[in-house]
Amino acid sequence: MNDRGWDEDDARPYFFLSYAHTPRSGARGAGDPNHWVRQLYRDLCEAVLQLTTVPAGVPVGFMDESMHQGELWAERLSEELANCRVFVPLYSPRYFNSVPCGQEWHAFTRRPVYPANLDSERTSGIVPVLWAPMSRYKLPRVAGDLQFNHTSFGPDYATEGLYALMKLTYFRAAYELAVHRLAARIVQVAEETVIPVGRRLDFNSLPSAFNVTAPTKQLRISVLSYHQGELPEDRSPDYYGAKRTDWHPYRPSGSPIAQHAVRLARQLGFQPTVHEFDDEAEAIIGGEAAAPGLLLLDRWALCDERRRELVRRFDRSDATWVGVLEPWNMDDPECQERERELGELSDRTLRITRRASRPSFLGATGTAGLTSLDDFDDALPRAAMKAKYAFESRTRAEPDDPPAPRPNLRDAFRREPDPFGPGPTDRDDHPDRDDTDDDPGYGTAPVGGPR
């Protein structure tokens, strides 16, 4: 096996079938809404087998049936997208509105594509399928730029889409013709191109290739935590993984907190991506963030002086478009023992963030953190939407190209104001000054705290 996880002599799957999972209608007795996609997949595998020399037992293609859930789901998708020979997306309005489908497209197109021979037809390695008619919808640029002649699969297919051809007996012959020509096209592209095996990418952190929405539909989820190799001696490794983004504070409940946050954010209509806060911090502090965000903060990470200072700088930057959530598992004996100490450390580090948190928004005050997964589930929507509103307000307040100020002779004779005198200076820029007693907002919960 090579360093990319695939034996050179192994037969690679001919195609990866990418489709938008259709939810159940909720009607009593309703069948599986993805039944027809599964049937198409089986028919395509059979047709490709007839046109190739794929040996028995070797997978012809891949179709994801996991409904985008489970810890192993992303790893399996990454592996298949790195190994398949052709990418087959099922075009539909739902498909181009699906973040996972856009991530699948992005992952496949990270791999280079070469013509197998000098006179081979240039191709992208993508063979699109009209699952539903798309003439009334504007395709994302990545799909619109593909040169593909759908009429070669038959006039009924181009007009009705493959789903209608499958469902209606009247179109049975047209369906069989379309499947045959689609299989032939998959085989042709696989044989006339060289697409080297790619690297397995971190699927959950990939952007969608269909990024046609406003920046406020994006949500950058940053994690400040440890990986198992850098934990302090007094912290159990049970809640951590190989990467900092593997932090799983509520174990055994749920999944790693970043993955759980991604699922919640998608339910709110966001297109979330996951990052390490260490990589994001300077952009956020410098006001260069391109989208609203959330910081998932592990208070144990504040024991690290360097990272504590990074969070303190973030706090002073007043980046209101980044909400702070602090998971804190009271079923964890170590968290119980250090609750007061690390809670006070968090208060001192996030002084401005504490003041900005209002009970009317949070529903409660206090510094206990989000002590259960239910608390986290309740807090994330509020924090994400507040970050979105702040980002929208910030964007409206910043003109694209502000005019240069006109020179004014009076300014030359004005005295510079005393930065330590009266005026709207930031008192928190002077850490030696203890002003917590006269601030009624000090000690309130972080953005998105418990209700």
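Some notes on this structure:
- In a residue-by-residue description of region 108-126, the property of being part of a helix (DSSP H, G or I), in contact (Cβ under 8 Å) with a residue 60 or more places away in the chain and buried (at least 19 other Cβ atoms within 10 Å of the Cβ) applies to at least one position.
- So VAL179, is it over 28 Å from TYR137 (Cα atoms) and either out of contact with any His (no Cβ under 7 Å at 6 or more places or on another chain) or in a strand (DSSP E or B) (or both): no
- No other residue among SER225, SER236, SER253 is within 29 Å of GLU334 (Cβ to Cβ) and surrounded by 18 or more Cβ atoms within 10 Å (Cβ to Cβ) apart from SER225.
Matching residues to (1) at pLDDT 90 or above; (2) within 16 Å of ALA190 (Cβ to Cβ); (3) touching a His at 6+ places or on another chain (Cβ under 6 Å):
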| position | (1), (2), (3) |
| --- | --- |
| GLY5 | no, no, no |
| PRO13 | no, yes, no |
| LEU17 | yes, yes, no |
| PRO23 | no, no, no |
| ARG28 | no, no, no |
| TRP36 | yes, no, no |
| ASP64 | no, no, no |
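- When ARG141 is tested against (1) modelled with pLDDT under 90; (2) within 25 Å of ARG38 (Cβ to Cβ); (3) charged (D, E, K, R), only condition (2) is not met.
- Note on region 323-337: residues that are of a type outside the set (D, E, K, R) and surrounded by fewer than 24 Cβ atoms within 10 Å (Cβ to Cβ) total 5.
- Condition check for MET166: crowded, with 17+ Cβ neighbours inside 10 Å, out of contact with any Lys or Arg (no Cβ under 6 Å at 6 or more places or on another chain) and part of a loop (DSSP other than H, G, I, E, B): no
- Checklist (1) surrounded by fewer than 16 Cβ atoms within 10 Å (Cβ to Cβ); (2) of a type in the set (Asp, Glu); (3) farther than 21 Å from CYS45 by Cβ applied to GLU176, failing item: (3)
- From the list PRO207, PRO196, PRO133, the lone residue that is more than 30 Å from ARG76 (Cβ to Cβ) and assigned to a loop (DSSP other than H, G, I, E, B) is PRO133.
- Restricting GLY154, GLY198, GLY144 to those that are without any contact (Cβ under 8 Å) to a residue 40 or more places away in the chain and closer than 30 Å to VAL274 by Cα reduces the list to GLY144.
- Search result, residues across region 125-138 that are modelled with pLDDT of 90 or more and either aliphatic (A, V, I, L, M) or over 22 Å from PHE96 (Cα atoms) (or both): ILE126, VAL127, VAL129, LEU130, ALA132
- Among the residues of region 144-163, those identified as touching a Pro at 6+ places or on another chain (Cβ under 9 Å) and either part of a helix (DSSP H, G or I) or closer than 21 Å to GLN39 by Cβ (or both) are HIS150, ALA158, THR159, GLU160, GLY161.
- Number of residues in region 308-340 that are under 25 Å from the mean Cα position of the chain (by Cα) and of a type in the set (D, E, K, R) equals 3.
The values are calculated or read from the model by the stated rules, or taken from the named source; none is laboratory data. Bear in mind the structure is a predicted one, so any value in this text is a computation, not a measurement. Cβ atoms come from the backbone with ideal geometry, glycine included; neighbour counts cover every protein chain shown.
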